[in-house]
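Input: a single structure, listed below in structure tokens.
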């Protein structure tokens, strides 16, 4: 993993993109603080996973689920999969 100042990345973006593809993620800093990460996806599935994992909506759902589990309102594994199965059947109609 490499760390680079934003000004350098702006000036040489193509070179940093190539580095991200060949060497891995690059942490981009502004005034010494990390503000972004440049990551080259390996394929379309990897890109989709990266985008979904950073989705504010998904994060909110996960946080709500974690809170429900902490308060004892979570679903048992069997009930979860039954719910998933039922919602899959509903979405095909």
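All of the numbers you see were taken from the coordinates with simple rules; none came from a lab. Worth saying up front: this structure is predicted, and the values here are computed from it rather than measured. A quick note on method: Cβ atoms are made from the backbone with ideal geometry, for glycine too, and the neighbour counts reach across all protein chains shown.
What to note about this one:
- Per the listing 88, 53, 68, the residue uniquely within 26 Å of residue 20 (Cα to Cα) and free of Cβ contacts under 8 Å to residues at least 40 places away in the same chain is 53.
- Between 34, 20, 11, the distinction of being in contact with a strand residue (DSSP E or B) (Cβ under 9 Å, 6 or more places away or on another chain) and exposed (fewer than 12 other Cβ atoms within 10 Å of the Cβ) belongs to 34 only.
- Only a single criterion out of (1) surrounded by fewer than 10 Cβ atoms within 10 Å (Cβ to Cβ); (2) over 30 Å from residue 19 (Cα atoms) is not satisfied by residue 61, namely (1).
- Looking across the range 1-28, the residues that are part of a strand (DSSP E or B) and within 22 Å of residue 53 (Cβ to Cβ) come down to 2, 3, 26, 27, 28.
- Residues being in contact with a helix residue (DSSP H, G or I) (Cβ under 9 Å, 6 or more places away or on another chain), over 30 Å from residue 7 (Cα atoms) and not in a loop (DSSP other than H, G, I, E, B) - total across the range 36-85: 2
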